[in-house]
């Protein structure tokens, strides 16, 4: 299933979520979230953040997102010269 989702355009997405501690609003806590998602809209991350806003007491401060393709076209790198006869 993971491979098929990647072929559909999903990429490994990591989000660092900073939120205010409910009992100490002046203190920020960090949470790292990771899943397969589609850039640039990030529907999976948005569903998670909507859930957070509804169900978790810690008010969101900021979200930083990074993404990386796990399946990429093949590439050949070599510092050597090849000769074909």
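The values are calculated or read from the model by the stated rules, or taken from the named source; none is laboratory data. Quantities reported herein were computed from a predicted structural model and do not represent experimental measurements. Here Cβ is always computed from backbone atoms with ideal geometry, including for glycine, and neighbour counts include all displayed protein chains.
Quick check on region 48-59: of everything there that is out of contact with any helix residue (DSSP H, G or I) (no Cβ under 9 Å at 6 or more places or on another chain) and in a loop (DSSP other than H, G, I, E, B), which residue is surrounded by the most Cβ atoms within 10 Å (Cβ to Cβ)?
My answer is 56.
Inspect region 63-85 for any residue being at pLDDT 95 or above and surrounded by fewer than 10 Cβ atoms within 10 Å (Cβ to Cβ) and give the result as yes or no.
no
Within region 38-59, does at least one residue satisfy the condition of being at pLDDT 95 or above and on the phi > 0 side of the Ramachandran plot?
Looking through region 38-59, at least one residue is at pLDDT 95 or above and on the phi > 0 side of the Ramachandran plot.
Considering only region 1-47, state which residues are surrounded by 15 or more Cβ atoms within 10 Å (Cβ to Cβ), under 15 Å from the mean Cα position of the chain (by Cα) and under 15 Å from residue 60 (Cβ atoms).
Of everything in region 1-47, those that are surrounded by 15 or more Cβ atoms within 10 Å (Cβ to Cβ), under 15 Å from the mean Cα position of the chain (by Cα) and under 15 Å from residue 60 (Cβ atoms) turn out to be 15, 17, 33, 42, 45.
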